[in-house]
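Since the structure comes first, as structure tokens, the remarks are kept for the end.
A short reminder: the numbers here are calculations on the coordinates, not readings from a lab. The model shown is predicted, which means the values in this text are computed figures rather than measured ones. Cβ coordinates were reconstructed from backbone atoms using ideal geometry, including for glycine residues, and neighbour counts include every protein chain displayed.
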Amino acid sequence: MSEAAPAPAAAPAEVGEYLKVWIENLAAVLAQVANAPFPMHSLESPPPETPAPEDQDLTIVVTASGGIRGEMSLRVPRVAVLGLGQLFMGEAQDPNAELKPDFRDAVQELARQVAGQTATALAERWGEVQLRAEAAAPPTWSAGATGWLGSTAEAPYRFLMQWQLSAALVAALRTPAEPEPPPAPAPAPPKTESPRSGSVSESRLEFLMDVELGVTLRFGGRRMLLREILELDAGSVVELDRQIQEPADLLLDGKLIARGEVVVVDGSYGLRILEVMSNPAAG
């Protein structure tokens, strides 16, 4: 009697944690697009209706760097690209419609939005992580873990996609990067200093005082979906995330340095400073 083939090894628990974050953020972004709850789940084994690979399938490769390093691929079957594209573009679901390039672009933008939110959510477990999602050819690296995820029966649209994690990413998830040790304290400076050192520093600082720096006044901001941006036209109103009575921000090289109220000075905008940040880098 021949022996049965061994069952595939179960994915490490860290892989499940990583996928859980992806699924939660994918569901959140899709819920915003559909304006309705969009529950998602992972599948331990391929479902009976698993779509066979086609030339028109879309492969998204997510490259991780920072606290974890490696690659993840998402194979989005053609039928899912069509349905998600129609959902993203606000069109009626039609499985017989033509697969337009706009639908593929919409799914790529969806993947980028999910990757951005997922990178932020992964920080608590794996430290600062950067995720770059791009359409690419199917991966040639061997998968360290693979499976399926998709929407549940309660979702506005049913779809499946296949995921694969590279062996490098699986290893990184199991052994996240250790925090770098603090630098050794610098040796104490000698007691005797050059009598000219102070004057040299002061002269250099005085020289830098005349360097001009550009500052920016920020009234507020807002995150928008690609679909909403494409719908903008002359006369459109974009609502910001700040009330009219709230102070505006003064930024230096993207860093918050002060807050104040907007005033008009000789026909130009101005800012009356109300608060100066004690730690500009924190803004």
Of 106-118, 156-168, ordering from highest average Cβ density within 10 Å down gives 106-118, 156-168
Under a Cβ-Cβ cut-off of 13 Å, what is the net charge of the residues other than residue 53 that fall near it, where Lys and Arg count +1 and Asp and Glu count -1? -1
Fewest to most Cβ atoms within 10 Å: 68, 273 sort as 273, 68
Phi-derived 3J(HN,Hα) across segment 29-40 with the Karplus relation (6.51, -1.76, 1.60, θ = phi - 60°), rounded Hz, x for Gly and Pro, is 5, 5, 5, 5, 5, 7, 6, 6, x, 9, x, 10
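With a ≥ b ≥ c the root eigenvalues of the C-alpha gyration tensor of segment 1-155, is it rounded (a/c under 1.5), prolate (a/b larger than b/c) or oblate?
On the way: a/c = 1.61, a/b = 1.19, b/c = 1.35.
The shape class here is oblate.
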Suppose a student asked you for the relative contact order of segment 34-169, using Cα pairs under 8 Å spaced at least 6 residues apart; what percent would you report? 37
Going highest first, how would you order 34-43, 146-155, 226-235, 80-89 by mean Cβ packing within 10 Å? 80-89, 146-155, 34-43, 226-235
Quick check: Cα centre of segment 114-132 to Cα centre of segment 224-270, how many Å? 27
Protection proxy ranking of 217-225, 59-67 - average other beta-carbon atoms within 10 Å, highest first: 59-67, 217-225
Computed from the beta carbon distance with a Förster radius of 51 Å, FRET efficiency for residue 154 and residue 252 to the nearest 0.05 stands at 0.60
Tally Lys/Arg at +1 and Asp/Glu at -1 over every other residue whose Cβ is under 9 Å from the Cβ of residue 274; what's the total? 0
I need to check one value: relative contact order of segment 209-282, counting alpha carbon pairs closer than 8 Å and at least 6 residues apart, in percent. 26
In nm², the average projected area of the convex hull spanned by the Cα atoms of segment 209-282 is 7.5
